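The values are calculated or read from the model by the stated rules, or taken from the named source; none is laboratory data. No experiment lies behind these values; they were computed from the predicted model shown. Using ideal geometry, Cβ is built from the backbone for each residue, glycine included, and neighbour counts are taken over all protein chains shown. Areas reflect the complete protein model, heavy atoms only, side chains present, ligands, DNA and RNA absent. Shrake-Rupley method; radii C 1.70, N 1.55, O 1.52, S 1.80 Å.
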Amino acid sequence: MEFQNDLKYAQQLDKEDTLREYRKQFFIPDYQGNSVSYFCGNSLGLQPKVVKFYIEQELLDWKNMGVEGHLEAKNPWFSYHHFFESAATLVGAQKEEVVMMNSLTMNLHLMLASFYKNRGKRRKIVMESSAFPSDFHAVQSFLQLNNLDPTDIILELTPRNGEHTLRTEDIIATIDENRLEIAMVLLGGVNYYTGQLFDIAAITKVAKKAGAVVGWDLAHTVGNVPLQLHDWGVDFAIWCTYKYLNSGPGGVGGLFVHEEHGNNLDLPRMGGWWGTEEATRFQMNKHFKPQTGAAGWQVSNAPVFAMAMHKASLDIFEEAGMVKLRNKSIKLTGYLEFLLKGNKDVAIITPKNPEERGCQLSLLTKKEGKALFNKLKENAIIADWREPNVIRVAPVPLYNTFTDVYRLAEVLNS
Ligand SMILES: *Cc1c(COP(=O)(O)O)cnc(C)c1O
């Protein structure tokens, strides 16, 4: 695609953008009286204007009904987790394979408890050396709880010398070479630091063939790129909803468990009453018998207010459509990449191939990185800084414009 480095051209792209009206559905923050260009949708997505009404509905039902709201509310709280079919659609799952609950790291702990087995020789967990710290904390502490030594278990994937991202062929080769020793492969769908999107289908296939359980942390992937978790045969996946999914700080987490495991009631798990069958839950049996599907991993009753925010946001995603969003996203990010060509102060470490990235570009700063980052803020451009020297920017298709991208590049290039 041939782009032009020209404000009029950027404005023209905005005019032609069939998704442009969605921006009006979001509150755009101000900085010193100016509406910002917001590039942190990968960290905390902006607030959809309708969120308020979804929360008000629950406040109203609580106010008017008290405990009766569990069954009588407009959206009965007892059944609240059933209202998230669109979350399953978004990740390419069957309805029963997805449940919204807890938050990401907590869900990772629950998945490790169910899916990690130390089988002597087969005991390794493959992770990226640059995995999000919380994932390491969860895995390390889980292993320690089980009297296992993390340094003996975790097998880290590192980029080749002088490279910032992992090559699919190298990931596959490592899995292949260690095929008899790997118990689990646990990777981020999109790496939070580099913005690299992994070939989830190919890696899952190879890892499963090697006999490993495959889990994906989709914090930076959901709402960013289309997914087909069921067809790809992913065993489990976890995600948060406050990043690309715009569902508010501390928003409810997501869980995918493939139906093959969801139907296996013998899988060990960390139980709680919300994981039991609904029909018999209030018989108050001591014995824990989980229900089938991802819902059988629920521990506590649903955090309705957080889930209301998520519902508001999912309704927007459902209407806009992930495929259309992805098409615009490829163009927006491609435009930013085009405008930064020749910039001497930053180098893009995110892969060039659009199939190996989502919205985000990670800009490695060469000198005075922090000053450059501060200059963005002074110009009402919100990005984020990741130590030691990276500025992350994520133009998102729901509320970013080609003009936003133009402004960002203008400041970076000046
Ligand atoms: C943001 C992020 C998390 C956050 O975990 P929480 O439990 O939601 O606080 C975890 N993993 C990755 C890869 C992330 O990007």
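A few points about this structure:
- N147-E2 pseudo-label distance in nm [points 7 Å out on the Cα-to-Cβ vector]: 7.0 nm
- Per residue accessible area in Å² of the chain, where ligands, DNA and RNA are left out and the probe is 1.4 Å: 45 Å²
- Each Lys and Arg Cβ is given +1 and each Asp and Glu Cβ -1; about its Cα centre, the range 55-318 then shows a dipole of about 620 debye.
- Ordering of 402-411, 116-125 by burial proxy (mean other Cβ atoms within 10 Å per residue, highest first): 402-411, 116-125
- Here the range 231-355 has 54 percent of its accessible surface on carbon and sulfur atoms, given a 1.4 Å probe and all protein chains in place.
- Gain upon complete extension [H137, T280; 0.36 nm per residue less C-alpha separation]: 47.8 nm
- Dipole orientation for the range 258-318: of the candidates S313, V299, N285, N285 has the Cα lying most toward the positive pole (charges on Cβ; Lys, Arg +1; Asp, Glu -1).
- Bridge orientation summary for the chain: considering DSSP beta bridges with both residues in this region, about 55 percent are antiparallel.
- Unit charges on C-beta of K, R, D, E only; dipole of the range 7-63, Debye: 160 debye
- Net length available on complete extension from E85 to T168 is 26.7 nm, with 0.36 nm assigned per residue and the Cα-Cα distance removed.
- In terms of its C-alpha gyration tensor, the range 7-130 comes out oblate, because a/c is 1.5 or above while a/b does not outweigh b/c.
- Virtual paramagnetic centre 7 Å along Cα→Cβ of N301, amide N under 11 Å, in the range 255-286: 274
- Three-way shape label, the range 107-164, alpha-carbon gyration tensor, a/c 1.5: prolate
- Separation of the range 373-400 and the range 152-190, taken as the distance between their Cα centroids, equals 29 angstrom.
- Pairs of lysine residues in the range 55-318 that meet both criteria, 8 or more places apart or on different chains and Cα atoms under 28 Å apart, total 25.
- Among residues other than N118 with Cβ under 12 Å from its Cβ, the summed charge is +3 (Lys and Arg +1, Asp and Glu -1).
- Hydrophobic, long helices, defined as DSSP H runs whose alpha-carbon span along the helix axis is 15 Å or greater and whose mean Kyte-Doolittle value is at least -0.5, occur in the chain at 51-65, 104-115, 133-145, 304-320, 322-339, 402-413.
- Extension gain from K366 to N353, taking 0.36 nm per residue of separation minus the Cα-Cα distance: 2.4 nm
- Among I55, S129, G66 - extreme Cα towards positive end, dipole of the range 55-318, charges at beta-carbon: S129
- Dipole magnitude of the range 27-128, debye to nearest 20 (Cβ charges: Lys/Arg +1, Asp/Glu -1, about Cα centre): 900 debye
- Restriction of the GluC sites (Glu not before Pro) in the range 87-167 to DSSP coil positions whose beta-carbon has at most 14 other beta-carbons within 10 angstrom yields E163.
- Rounded D (µm²/s) - the chain, Kirkwood Rh over Cα pairs, Stokes-Einstein at 20 °C, 1.002 mPa s: 95 µm²/s
- Relative contact order, percent, the chain [alpha-carbon distance under 8 Å, six or more residues apart]: 24 percent
- V213 long-range amide H proximity, modeled H, under 5 Å: M184, V185
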